[in-house]
Amino acid sequence: MQSRAFLNRISLILLALVACGDDDSVVFDDRVESDIGGEADEGVTAPQTCADVDRSAVGTTLENVSADLTLSGVVNVPAGRITHTGGTLRFEAGTIVLLAPGAHIKFGFGGAVGSVIMAGTEAEPVLFCGTAANPGTYGNLDFGPALLGDSALRNVRFEDGGDADGPGNPLSNGPSSALRFAGETGIELVNVVVRNGQGIGINASSFGAASRELTVSEMTGRPLHLRTANAVNNLPSGSYTGNGEDLIEVAGVQNRAAEITFGARGVPYIQVVERVNFGEEGHVVTFEAGVEYRFSPGAFMVVGFGNSVGTLLVNGTTEAPVIFTSGADAPEPGDWNGLQLGPQIQSTSVINNAEFRFGGQAPDGACREDDANLSFAGANDTDVAVTNVRFADSAGFGVCVIDGRQLVNGETDVTTGLTGSGNVFEGNAAGEVGVARPRN
């Protein structure tokens with residue numbers, strides 16, 4: 001298929017020959033640049049989205065890749081699975097990848113290491129488009145564990161993909177999605193758009209630390225499913241709205257989580273597994289100002305339990321508090337089982353300008369860890385600062401202290417420590433503060 005620049009050049013040559021007759025001199029319109037050099041005609045704009053693309057165009061047919069390969073122009077992906085099992089697979093700026101219904105690409109699988117480099121630019125992005133402009137026209141694109149660290153997706157749009165009813169990735173046990181990052185090697189994403197797809201936008205175990213400007217929109221499901229601390233820590237700022245449900249799913253992020261920071265990304269997080277337990281020695285769990293963290297029914301989070309020293313930093317502000325609440329469509333008291341701090345919680349922990357709602361079960365006897373919005377399992381005079389926090393709508397207590405040796409705000413009387421310092425208790429069925437074993 002000839003390029004537009006080439007065809008324009010031929011047309012101008014013919015016009016020049018007609019105009020000049022027998023004159024051997026040919027003058028080219030100097031607005032037309034050489035097609036050999038890869039330059040676009042002045043005034044000719046490369047497709048910016050799949051809406052600008054001829055979805056019936058014919059180009060190179062992509063087959064299984066096991067060695068270095070560079071792609072440009074139009075690339076057609078037939079129905080079925082295409083697998084990249086080695087070598088550097090490069091997509092040049094302006095490449096248009098047209099995927100047929102049922103097409104599915106696995107990058108970096110099969111044990112042979114390789115790289116995927118999508119080298120789009122702002123003027124000439126790399127486009128992945130369905131042959132029809134329908135959500136889920138083609139299946140998901142998997143980026144696997146054999147990809148090398150130089151892999152990168154820069155200025156790329158993925159439109160019309162995903163499979164809401166497809167199987168999860170066996171390497172991650174995560175749900176089906178338009179894009180899946182299954183490996184631990186963080187792939188850098190810069191100015192990447194995922195839109196108009198079925199199911200979840202991205203299912204990720206990792207992102208490159210330099211990732212930025214990620215947009216997920218118009219998915220029938222949620223924008224993101226995050227499985228590890230790496231994916232949470234490196235989740236870039238961007239836009240995650242305009243989907244079926246604008247929530248960032250949090251799964252087993254505790255794995256090897258020495259430090260994890262939940263940053264404000266414009267939409268709430270929702271914990272979709274029952275228990276998130278941070279077990280790495282010296283772990284630090286941080287919630288930045290403005291974060292809203294929701295819990296699915298019966299879910300809870302554990303910090304500082306077992307033999308693992310842990311620190312919790314809830315850094316809300318008056319203008320942007322941190323909110324812990326129910327993920328139910330119609331929240332009710334007792335929906336989730338509380339944020340639970342264990343005997344290894346450190347005195348450097350801080351909970352400031354926050355709100356806890358709808359957590360904690362109705363107690364059966366002395367209060368336990370799951371009987372409150374927030375619970376302390378006790379320690380040897382560990383002192384935690386809890387200030388300007390609202391505890392509300394628990395089916396049990398606002399706060400439960402399992403061992404009275406826990407100090408709060410410097411008070412050995414934990415009730416005094418909690419009911420002062422700007423903390424507010426409202427609508428907790430069993431009371432404000434429950435202490436199971438008072439201080440000796």
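The alpha carbons of region 322-368 occupy a box of 35, 30, 12 Å along the principal axes, longest dimension given first. For the chain, the Kirkwood hydrodynamic radius from C-alpha pairs, put into Stokes-Einstein at 25 °C and a viscosity of 0.890 mPa s, yields a diffusion coefficient of 101 µm² per second. For the chain, the longest principal axis of the C-alpha atoms and the axis of helix 4-20 are separated by about 30°.
Compactness check for region 182-275: Cα Rg over 2.2 N^0.38 Å is 0.99. The Kirkwood radius of region 308-389, taken over pairs of alpha-carbon atoms, gives through the Stokes-Einstein law at 20 °C and 1.002 mPa s a diffusion coefficient of 159 µm² s⁻¹. Per residue, the chain exposes 41 Å² of solvent-accessible protein surface, assessed with a 1.4 angstrom probe and all protein chains in place. Considered as an equivalent ellipsoid built on the Cα gyration tensor, region 235-325 has semi-axes of 22, 15, 12 Å, the largest given first. Close amide H contacts of VAL401 (hydrogens built in the peptide plane, cut-off under 5 Å, sequence separation of 5 or more or a different chain): PHE376, GLY434, VAL435, ALA436.
Taking a ≥ b ≥ c as the square roots of the eigenvalues of the Cα gyration tensor of region 208-248, is the shape rounded (a/c under 1.5), prolate (a/b larger than b/c) or oblate? The shape class here is oblate. In terms of Cα atoms, the Rg and Dmax of region 53-202 work out to 13.8, 37 Å. As a size descriptor, the averaged projected area of the C-alpha convex hull of region 138-239 was calculated at 5.4 nm². Note on surface exposure: GLU288, GLU274 rank GLU274, GLU288 by accessible area, highest first, 1.4 Å probe. Based on the Stokes-Einstein relation at 4 °C and a viscosity of 1.567 mPa s, and on the Kirkwood radius from alpha carbon pairs, region 286-440 is assigned a translational diffusion coefficient of 88 µm²/s.
Taking a ≥ b ≥ c as the square roots of the eigenvalues of the Cα gyration tensor, region 53-131 is oblate, since a/c reaches 1.5 or more and a/b is not larger than b/c.
Full extension of the chain between GLU63 and GLU274 yields a length gain of 71.8 nm, computed as 0.36 nm times the residue separation minus the alpha carbon distance.
Per residue, the average separation of C-alpha pairs within less than 8 Å and at least 6 apart gives the chain a relative contact order of 6 percent. Carbon-plus-sulfur accessible fraction, region 374-435 (probe radius 1.4 Å, protein heavy atoms only): 41%. Normalising the average separation of contacting C-alpha pairs (under 8 angstrom, six or more residues apart) by the number of residues puts the relative contact order of region 308-440 at 23 percent.
The values are calculated or read from the model by the stated rules, or taken from the named source; none is laboratory data. Given the structure is predicted, the values throughout are model-derived calculations rather than measurements. In case anyone asks, the SASA skips ligands and DNA or RNA and just uses the protein heavy atoms, side chains included. Shrake-Rupley method; radii C 1.70, N 1.55, O 1.52, S 1.80 Å.
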